[in-house]
Amino acid sequence: MRAIVVKGFGGPEVLELIETPTPEARRGQVRIKVAASAVNPVDVATAAGIMHQIGNAPERAQVGIGWDVAGTVDAVGEDVTGLAVGDRVIALLDRTGAPLGAYADYVVAGTHAVARVPEGVDLDEAATIPLPGLTALQALEALDLKPGDTLLVTGAAGGVGQFAVQFAAARAIEVVAQGSPEDEGFLRAIGATHVVHRGQDLGEAVRAIHPGGVDAAIDAAVLGIAALDAVRNKGAISTVVGSVPHLRGIRVHNILIQADETHLAEVLGLVAEGFVRLNVAGSYPLERAGEAFTRFSARGVRGRLLIKP
């Protein structure tokens, strides 16, 4: 089979298309014929060597690229129940720095990381879910909010932010979304009640709406202390990269993404019921993955970019 790997670190130029043996599904695993993978910031960071520099990936001669995958089960290993050959599925490959990733013709994944895609949900669009969808859901659940509570989402038009806004709106949580003026209409359409703009003093802009601060925040834009400043005393914040100080009694949750088939199935259910929309901005064949990286790194892409074998 074909796969994209890196054997040295850098920009799009280090992505290498190789021929490698097709992996076999072992105990507790399924093999998936890939329909599409999605480009994530962690993919670019892995290719650049950042994940290795910060100690989140082991040193090895070859590193696979890609975490998000959608496709069709074409083989099952021993002790697999609930999944069968022919099932349409999504999966999250969360083993950082593994020799092979999701940018490939086939992948293997443990059943704990795989969920069946409901009828009516487009398989390519479903490839946009795993990493940002799980990050947003796990960040929201950590905050333990109730209907009517208030939530700030920074970077709300980005991958994680879009999911966070929609998940919160589906739970009747009032969302204050931070984004560009150009994204305001889009953010309101996906469930934001209020929109504050990038470049504003975030704490002051949010407190102009809620003087005491919001009940909680999901800091998808990694703004750190600026996001914390918008949260009320004894509120809560979920960070997706790094952390913030424990000030004013605010609970801090550092979200470290983990594969979870139940959470994946929950997101897919929300999509099937029409509570969550999925956005694909473009797709590239496997051999043009470098072009996808170049476009992704240029910023300003509202939807997700797909890699298709």
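The values are calculated or read from the model by the stated rules, or taken from the named source; none is laboratory data. The structure displayed is predicted, hence computed values, not measured ones. Reconstructed Cβ throughout: ideal geometry from the backbone, glycine too, with neighbour counts over all protein chains shown.
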Those residues of segment 270-309 that are closer than 21 Å to VAL160 by Cβ, surrounded by 15 or more Cβ atoms within 10 Å (Cβ to Cβ) and either free of Cβ contacts under 8 Å to residues at least 60 places away in the same chain or among the acidic types (Asp, Glu) (or both) come to a total of 3
Quick test of your reading of the structure: ALA157 fulfils all but one of (1) under 23 Å from MET51 (Cβ atoms); (2) not in a helix (DSSP H, G or I). Name the failing condition by number. (1)
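Take the residues in segment 73-97 that are among the small types (Gly, Ala, Ser) and at pLDDT 95 or above; name whichever of them is nearest to GLU59 (Cα to Cα). Please lay out each step first, then the result.
If we filter segment 73-97 for residues that are among the small types (Gly, Ala, Ser), which is where we start, we get 75, 77, 82, 84, 86, 91, 97.
Keeping just the survivors that are at pLDDT 95 or above gives 75, 77, 84, 86, 91.
On the way: ALA75: 30, GLY77: 29, ALA84: 35, GLY86: 36, ALA91: 25 Å.
Once the filter is applied, the top-ranked residue is ALA91.
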Exception for LEU137 within (1) part of a helix (DSSP H, G or I); (2) more than 19 Å from VAL252 (Cα to Cα) falls at (2)
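Would you say ALA25 is among the small types (Gly, Ala, Ser) and in contact (Cβ under 8 Å) with a residue 24 or more places away in the chain? Reasoning before the result, please.
Working: among the small types (Gly, Ala, Ser): yes; in contact (Cβ under 8 Å) with a residue 24 or more places away in the chain: yes.
Here the answer is yes, as ALA25 does meet what is asked.
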Going by the structure shown, is ALA226 surrounded by fewer than 15 Cβ atoms within 10 Å (Cβ to Cβ) and either assigned by TED's automatic domain parsing to the domain that holds LEU151 or under 20 Å from the mean Cα position of the chain (by Cα) (or both)? no
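Considering only segment 247-291, state which residues are of a type in the set (A, V, I, L, M, F, W, C), assigned to a loop (DSSP other than H, G, I, E, B) and farther than 30 Å from LEU15 by Cα.
Within segment 247-291, the first condition is being of a type in the set (A, V, I, L, M, F, W, C), and the residues that meet it are 247, 250, 252, 255-257, 259, 264-265, 267-268, 270-272, 275-276, 278, 280-281, 286, 289.
Filter again for assigned to a loop (DSSP other than H, G, I, E, B), leaving 247, 250, 255-257, 259, 275-276, 278.
Hits for segment 247-291 are LEU247, ILE250, PHE275, VAL276.
Is it the case, given these coordinates, that VAL5 is more than 23 Å from ILE129 (Cβ to Cβ), crowded, with 24+ Cβ neighbours inside 10 Å and touching a residue at least 24 places away in the same chain (Cβ under 8 Å)? Don't jump to the end; show me each part of the working.
Numbers: more than 23 Å from ILE129 (Cβ to Cβ): yes; crowded, with 24+ Cβ neighbours inside 10 Å: no; touching a residue at least 24 places away in the same chain (Cβ under 8 Å): yes.
The answer is no for VAL5.
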Looking only at segment 53-100, filter to residues that are of a type in the set (Val, Ile, Thr) and part of a strand (DSSP E or B); which one of those is surrounded by the most Cβ atoms within 10 Å (Cβ to Cβ)? ILE90
So ILE190 clears everything in (1) under 18 Å from GLY269 (Cβ atoms); (2) surrounded by 24 or more Cβ atoms within 10 Å (Cβ to Cβ) except one condition, right? Which one? (2)
